[in-house]
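Peer 1: Can you keep this structure in mind? I'll have questions shortly.
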Amino acid sequence: MSTTVDRAQQREREDRAARGAAAAFLVAIAAAIGLFVVYLSGGHTQGEGALLFVAFGGIGVGLGIWAKVLLPEPELVEDRPPLHSTAEERAEFVKVYGGSAGQSRSPRRRFLVRLLAGAGTSLGLALLLPFRSLGPGPESELFRTSWREGEHLVTAEGERIRAADVVADEIVTVFPESATTPEQRADSQAVLIGLRAERMALPEGSPPTVEQLVVYSKICTHAGCPVGLYRAAVGELLCPCHQSTFDVNEGARVRSGPAGRPLPQLPLGTDDDGFLISLGDFEGPVGPAFWNMSDRPGSDA
């Protein structure tokens, strides 16, 4: 009789454990789905971390309950003399192990296996979210700026500039008139410089200029810092980050420092009213020299 009571208690204990494991797996699934929703809704770092913790925790708790209570214990064999049972005990044994009790573990196990698979799948999908955050590739955007043919040069305040108003040794930071956002202005920023005619020695094939005026990209070709220090006495632009210097009289060639190539020059012209305009984009890509890649747009290499 005591054996029958023990079996009943064991079944009840296993049922409670199965419900607990199932609840843990369901919590893990809900947390993983919540992680998806939070991420796709704009993201919340602390919330995503908490949901990821709950998802992992739910799977861990479920597996712990399963392993501790539901998995069969190892079979131990011990020599012992034959035991005699009464007819009632044998009948009870057949009732317990030959009936529904012996078959009850199979559907419960399949149910838990399915929940575990669901929790693992949803969590696995959630772990793929960081790849989405990488975003699309830059394609050819890094090889173009906002400068276009006929684009007026404007100051930081948006004022157009007449060629006649720029004197020798003067330097002005300029932007395309149509670039109104920080993102558009970031790679299009340039410096307009008035050169001294007697020192001007631009290389053959340089982009067209207006009298003694030149425009170079303001982004250093070494590490991308703004090249904003101008030493008019010697005609040098200086990058304050790593001390690269560029000769503005000779096409912004590198005089010293770690920069590997000149600052790209902007083709320059004027409209009918004498305002400065660009005749196209920079002669080359702006910024650090990752352009040496062989798969750049338009490259035959």
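The values are calculated or read from the model by the stated rules, or taken from the named source; none is laboratory data. Nothing here was measured: the structure is a model prediction, and the numbers come from that model. Ideal geometry is used to build each Cβ from the backbone, glycine not excepted, and the neighbour counts take in all protein chains shown. Note: accessible area is taken over every heavy atom of the protein model, side chains too, but ligands, DNA and RNA are not part of it. Shrake-Rupley method; radii C 1.70, N 1.55, O 1.52, S 1.80 Å.
Peer 1: Being farther than 26 Å from Glu157 by Cβ, touching a Leu at 6+ places or on another chain (Cβ under 7 Å) and open to solvent by 40 Å² or more (accessible area, probe 1.4 Å) is the requirement here; does Pro203 meet it?
Peer 2: In short, no.
Peer 1: Keeping to the stretch 51-77, report how many residues are assigned to a helix (DSSP H, G or I), open to solvent by 50 Å² or more (accessible area, probe 1.4 Å) and without any contact (Cβ under 8 Å) to a residue 24 or more places away in the chain. First the steps, then the outcome.
Peer 2: The first filter runs over the stretch 51-77 and keeps only residues assigned to a helix (DSSP H, G or I), leaving 51-70.
Pick out the ones that are also open to solvent by 50 Å² or more (accessible area, probe 1.4 Å) and you get 52-54, 56, 61, 63, 67-68.
Within this subset, residues satisfying the condition of being without any contact (Cβ under 8 Å) to a residue 24 or more places away in the chain are 53, 67.
Counting residues in the stretch 51-77 that are assigned to a helix (DSSP H, G or I), open to solvent by 50 Å² or more (accessible area, probe 1.4 Å) and without any contact (Cβ under 8 Å) to a residue 24 or more places away in the chain gives 2.
Peer 1: Now for a different question. Going through the stretch 17-43 one residue at a time, which ones are farther than 12 Å from Leu115 by Cβ, touching a residue at least 12 places away in the same chain (Cβ under 8 Å), open to solvent by 60 Å² or more (accessible area, probe 1.4 Å) and not β-branched (Val, Ile, Thr)?
Peer 2: Passing the criteria: only Phe36.
Peer 1: Right, another one. How many residues are touching a helix residue (DSSP H, G or I) at 6+ places or on another chain (Cβ under 7 Å) and either loosely packed, with under 15 Cβ neighbours inside 10 Å or closer than 15 Å to Val172 by Cα (or both) when one looks only at the stretch 190-200? Give the steps one after another, and end with the answer.
Peer 2: Of the stretch 190-200, the ones touching a helix residue (DSSP H, G or I) at 6+ places or on another chain (Cβ under 7 Å) are 193, 195, 199-200.
Remaining after also requiring either loosely packed, with under 15 Cβ neighbours inside 10 Å or closer than 15 Å to Val172 by Cα (or both): 193, 195, 199.
Going through the stretch 190-200 one residue at a time, the tally reaches 3.
Peer 1: In the stretch 262-279, what residues are within 16 Å of Val191 (Cα to Cα), of a type outside the set (A, V, I, L, M) and part of a loop (DSSP other than H, G, I, E, B)?
Peer 2: Pro262, Pro264, Pro267
Peer 1: Output the number of the condition that Glu139 fails; it satisfies all remaining conditions of (1) open to solvent by 100 Å² or more (accessible area, probe 1.4 Å); (2) over 30 Å from Gln10 (Cα atoms); (3) at pLDDT 75 or above; (4) out of contact with any Asp or Glu (no Cβ under 9 Å at 6 or more places or on another chain).
Peer 2: For Glu139, the exception is condition (3).
Peer 1: Counting only residues that are over 18 Å from Phe246 (Cβ atoms) and open to solvent by 30 Å² or more (accessible area, probe 1.4 Å), which one in the stretch 206-224 is nearest to the chain's Cα centre (by Cα)?
Peer 2: We begin by selecting, within the stretch 206-224, every residue over 18 Å from Phe246 (Cβ atoms); these are 208, 210-211.
Right, trim to open to solvent by 30 Å² or more (accessible area, probe 1.4 Å) and you get 208, 211.
Details: Pro208: 40, Glu211: 46 Å.
Filtering first and then ranking leaves Pro208.
Peer 1: Okay, next question. Hand me the list of strands (runs of 3 or more DSSP E) wholly inside the stretch 124-233 holding 3 or more residues that are touching a residue at least 24 places away in the same chain (Cβ under 8 Å) and touching a strand residue (DSSP E or B) at 6+ places or on another chain (Cβ under 9 Å). If you could, list the steps in order and put the result at the bottom.
Peer 2: Working: elements: 149-154, 171-176, 190-194, 213-217, 229-231.
The strands (runs of 3 or more DSSP E) meeting that bar are 149-154, 171-176, 190-194, 213-217.
A quick yes/no check of all residues on (1) at pLDDT below 80; (2) open to solvent by less than 80 Å² (accessible area, probe 1.4 Å); (3) under 30 Å from Arg185 (Cα atoms):
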position	(1), (2), (3)
Gly120	no, yes, no
Leu125	no, no, no
Trp147	no, yes, yes
Gly150	no, yes, yes
